[in-house]
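*Asks:* Could you have a look at this structure, given as structure tokens, before my questions?
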């Protein structure tokens, strides 16, 4: 098993999990350059935690974030996010 660094990680989380009220349970961190492509083309993105989904919603301030994505994002070295 090898470890690889994920370049171009956006700080804006995206969502997958849905509730009965059509509000997302939590948002995930995904590569910034894939967000618009997924939203327009309907392609799937891969979150830092490994979740695969199409982008359907944008987070609002205070939205819940996937704990696994947050932990991985915070462990990335500064500058490795491809900003």
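The values are calculated or read from the model by the stated rules, or taken from the named source; none is laboratory data. Given the structure is predicted, the values throughout are model-derived calculations rather than measurements. No Cβ is skipped: glycine too gets one built from the backbone with ideal geometry, and neighbour counts run over all protein chains shown.
*Asks:* Could you please give the count of residues in the stretch 25-34 that are modelled with pLDDT of 90 or more and over 13 Å from residue 73 (Cβ atoms)?
*Replies:* Within the stretch 25-34, the first condition is being modelled with pLDDT of 90 or more, and the residues that meet it are 27-30, 34.
Next cut, over 13 Å from residue 73 (Cβ atoms) only: 34.
Within the stretch 25-34, residues that are modelled with pLDDT of 90 or more and over 13 Å from residue 73 (Cβ atoms) number 1.
*Asks:* Which residues, taken from the stretch 39-70, are assigned to a helix (DSSP H, G or I), at pLDDT 90 or above and either surrounded by 13 or more Cβ atoms within 10 Å (Cβ to Cβ) or in contact with a helix residue (DSSP H, G or I) (Cβ under 8 Å, 6 or more places away or on another chain) (or both)?
*Replies:* Residues satisfying the conditions are 68, 69, 70.
*Asks:* Right, another one. What is the residue count in the stretch 1-11 for residues that are modelled with pLDDT of 55 or more and either farther than 22 Å from residue 71 by Cβ or in contact with a strand residue (DSSP E or B) (Cβ under 8 Å, 6 or more places away or on another chain) (or both)?
*Replies:* The number of residues fulfilling the criteria is 4.
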